[in-house]
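Following: one structure in structure tokens, then a few remarks.
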Amino acid sequence: MAVFWNRLGYTPIHIEEAQGHSGGIWVLSAWPGVSCNVVAASSQVVCVEFSNGGFSWVYAAIYASSVPSIREEAWRVLTYFSRNYSGPLLAIGDFNEILLSSEVKGGNFVSRRAERFGALLDECGLIDLGAHESLYTWFRHMQGNRFISKRLDRAVATDAWCFRFPKSYVENLTRMHSDHCPIMMRCQGNDRRVGVKPFRFQVAWSYHPSFSSVVRGAWDKGRPNPIRCFSQVRDDTLAFNRDVFGNIFERKKELERRVTSIQQRMERVDALSLIQEKRELQAKYSNLLMQEELFWYQKSREH
């Protein structure tokens, strides 16, 4: 797995392996000029100090147990660390707990547990940073047409961290094959702009049902000159990519946007038509992920 992440530009900082299907935390870094030092680690909490240019802050990766008695150990680690660290602290992950009755739909709200969680955050000096997009981050289909949704995943931070990153905000990303939403903390929005690239054949095109007819038609237009045939195939392929196939990443964003919209509607109403539509979109998304995998596989020049 370390080789896999390295190929994507990430360096593993610390790994807490899963126990069967439970737990597991991977902390990775894509900042080559930033010093990363693990300052506390347990099966449910991993604290890493990032240092660069004389400034340092700590990120706590959280994967709290779904069992309350075991989860208390995570709270002890977090409390002990916060008492002995006065710098900027950000904690993100699956806390497996909710704060408010509005953070659960279709299930029970246990005020005693919520009060315990709130007291923990107060003791550690942590503030809930809220989130954009979906209200809930965990979703489960129960028997019949019954669903339970909760906000189990969140980001919390100290005043010192919020002061250092005043433009930060949290996004609950689109949930696809997991019962949890990925969450993204954006500290500052730096847009990446991609320049014009020379023509290169993309293997992913061949998995579109219309592509073979595009190639045959373009080749026939260029007959009998082979050079003209290749030139026509290039031109028609570029038109196909622009008008039919489209940008993989833009199509991915659009599918994620549509799934997010359906999930938000499902938070308010229970409808079988929404479930079916979500399944169809997820099937398209899976096919798109396969095309994206081929894209990156080809880009890595692997055989």
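Please treat every number below as a calculation from the coordinates, not as lab data. Treat the numbers as computed from the prediction; the structure is a model and nothing was measured. Neighbour counts are summed over all protein chains in view; Cβ atoms, including those assigned to glycine, are modelled from backbone coordinates with ideal geometry.
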> Using the scaling law 2.2 N^0.38 Å as the reference, what is the normalised Cα Rg of the stretch 1-90?
Replying inline: 1.16
>> Through the Karplus equation 6.51 cos²θ - 1.76 cosθ + 1.60, θ set to phi - 60°, convert the phi angles of the stretch 73-79 into ³J(HN,Hα) values in whole Hz; use x for Gly and Pro.
In response: 5, 4, 5, 5, 4, 5, 5
> Using the alpha carbon gyration tensor of the stretch 203-299, what are the three equivalent-ellipsoid semi-axes (square root of 5 times each eigenvalue), largest first, in whole Å?
Replying inline: 37, 13, 10
> Do the sum for the chain: with -39,500 (n - 2.57) for every DSSP H run of n ≥ 4, divided by all residues, what is the mean residue ellipticity at 222 nm, to the nearest 500 deg cm²/dmol?
Replying inline: -12500 deg cm²/dmol
> So, how do all the Cα-to-Cα distances of the chain break down into 10 Å bins, in percent, from 0 on up?
Replying inline: 5, 21, 27, 23, 14, 7, 3, 1, 0
> Using θ = phi - 60° and the Karplus curve 6.51 cos²θ - 1.76 cosθ + 1.60, what whole-Hz ³J(HN,Hα) does each residue of the stretch 147-155 get, with Gly and Pro shown as x?
Replying inline: 10, 10, 10, 9, 9, 8, 9, 7, 10
>> For the chain, take the longest principal axis of its alpha carbons; what is the angle in degrees between that and the long axis of helix 211-222, to the nearest 10 within 0 to 90?
In response: 30
> If you wrap the stretch 130-170's Cα atoms in a convex hull and average its projection over all directions, what's the area in nm²?
Replying inline: 3.3
> Any idea how far apart residue 18 and residue 159 come out in nm if each label point goes 7 Å out from Cα toward Cβ?
Replying inline: 4.0
> Around residue 154, which amide H atoms from residues at least 5 apart in sequence, or from another chain, sit under 5 Å from its own amide H, with H modelled in the peptide plane?
Replying inline: 93, 95
> Which residues does a label at residue 56 reach in the stretch 72-101, if reach means a backbone N under 12 Å from a point 7 Å past the Cα toward the Cβ?
Replying inline: 85-88
